[in-house]
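Okay, structure first, notes after.
Throughout, read-outs are computed from the coordinates displayed, never taken from laboratory work. On a predicted model such as this, the values are computed, not experimentally measured, just so you know. Cβ sites come from the backbone with ideal geometry, for glycine too, and all protein chains shown count toward neighbours.
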Amino acid sequence: MIVNGLIDRSFLGENTPDFVRNHIEMQTSYLQEIEALLDGLVRGMTPLPENEARGVPMLERFAGYLFARTS
């Protein structure tokens, strides 16, 4: 399973709109549910892009998120 469209919590600030704050709260709840129901099945996570993911450069960027080594 790939989890996509994640908003990075580090973008939260005192001027963050309520819509974004609410979306991050909802996202956190869904991530907890995914972890509980699909333990060990998540193979990658990608952030919410600033634009629609179109074209080879954007696909390469997302491949980097999915296949990045953490060790």
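Side notes on the structure shown:
- In the list [x] 22, 19, 10; [y] 35, 12, 6; [z] 39, 14, 8, the label attached to semi-axes √(5λ) of the Cα gyration tensor in Å as derived from the coordinates here is [x].
- The chain - mean residue ellipticity at 222 nm from DSSP helices (-39,500 (n - 2.57) per run, n ≥ 4, rounded to 500): -15000 deg cm²/dmol
- Using the Cβ-Cβ distance between residue 37 and residue 59 with R0 = 22 Å, the FRET efficiency computed as 1/(1 + (r/R0)^6) comes to roughly 0.15.
- Computed from point charges on the beta carbon alone (+1 for Lys and Arg, -1 for Asp and Glu), the dipole magnitude for the range 2-67 about its Cα centre is near 220 Debye.
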